[in-house]
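The values are calculated or read from the model by the stated rules, or taken from the named source; none is laboratory data. Just so it is clear, the model here is predicted, and its values are computed rather than measured. Here the Cβ is made from the backbone with ideal geometry for all residues, glycine too, and neighbour counts use every protein chain on show.
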């Protein structure tokens, strides 16, 4: 991403630190100088450290939209949506794409999205706002992915899939070609999805089935 403002990474946990590393690896020169143009931001309730990995940490109460371009490094799609909705209306959002990611020039990536190392996004793919594609996720041709999507490492989405908003796909889960997934579904680690998912809930196994809710 181009840095016109300082980059503000909301979230200073494990993924937040990985996102900073992802950004840093995309810089070709003056890495130390440009790294100073990054801050972490956390909620006031979680503000304890003023610096992490040599990077300044600011509390949300000190956030000024005119100074920063934001990405949300929180893996939970529902929480990520709430954070975005509660930021000031003037907030602008960046995109971070690791240099090793293979992104087709015919793919469309929404604002605020983060694509990490080794990901593959092929032709005519549309990815919504504030999506996270974690390590080595692949998305096949002509797929549409909604806002606030999260994939864990190694997720596989085959072509012509249609993924709703706030969906989470676990590590090494795979979707058959042409699958539709409704909003707010959670697909567990290693699940194999061979039929459309039409109700939100947690889906696990091969083939993936919805877990019954405990009474």
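Output the residues belonging to the stretch 153-163 that are part of a loop (DSSP other than H, G, I, E, B) and surrounded by fewer than 21 Cβ atoms within 10 Å (Cβ to Cβ). If you could, list the steps in order and put the result at the bottom.
As a first pass, look at the stretch 153-163 and keep what is part of a loop (DSSP other than H, G, I, E, B): 153-155, 158-161.
Of everything in the stretch 153-163, those that are part of a loop (DSSP other than H, G, I, E, B) and surrounded by fewer than 21 Cβ atoms within 10 Å (Cβ to Cβ) turn out to be 153, 154, 158, 159, 160.
For the stretch 9-38, give me each residue that is over 14 Å from the mean Cα position of the chain (by Cα) and either at pLDDT below 65 or crowded, with 22+ Cβ neighbours inside 10 Å (or both).
12, 28, 29, 30, 31, 32, 33, 34, 35
For the stretch 39-82, how many residues meet the condition of being surrounded by 17 or more Cβ atoms within 10 Å (Cβ to Cβ), farther than 24 Å from residue 24 by Cα and in contact with a strand residue (DSSP E or B) (Cβ under 6 Å, 6 or more places away or on another chain)?
Number of matching residues: 1.
Yes/no per residue for (1) over 12 Å from the mean Cα position of the chain (by Cα); (2) at pLDDT below 95:
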{"site": "91", "(1), (2)": "yes, no"}
{"site": "99", "(1), (2)": "yes, yes"}
{"site": "114", "(1), (2)": "no, no"}
{"site": "126", "(1), (2)": "yes, no"}
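Any residue that is part of a strand (DSSP E or B) and farther than 24 Å from residue 24 by Cβ - is there at least one of those in the stretch 107-126?
Here is the first cut: in the stretch 107-126, the ones part of a strand (DSSP E or B) are 108-109, 114-115, 120-121, 126.
Subsequent filtering for residues that are farther than 24 Å from residue 24 by Cβ retains 108, 126.
Yes, that holds for at least one residue.
Does the stretch 80-92 include one or more residues that are more than 22 Å from residue 135 (Cβ to Cβ) and in a strand (DSSP E or B)?
If we filter the stretch 80-92 for residues that are more than 22 Å from residue 135 (Cβ to Cβ), which is where we start, we get 81-92.
Then drop every residue that is not in a strand (DSSP E or B), which leaves 92.
Yes, there is a match, as at least one residue in the stretch 80-92 is more than 22 Å from residue 135 (Cβ to Cβ) and in a strand (DSSP E or B).
Restricting to the stretch 153-183, what's the tally of residues that are under 19 Å from residue 118 (Cβ atoms) and in contact (Cβ under 8 Å) with a residue 60 or more places away in the chain?
Here the count works out to 0.
Please state which of the following conditions residue 184 fails to meet, knowing it meets all the rest: (1) on the phi < 0 side of the Ramachandran plot; (2) in the same structural domain as residue 148 (by TED's automatic domain parsing).
Just one mismatch for residue 184, condition (1).
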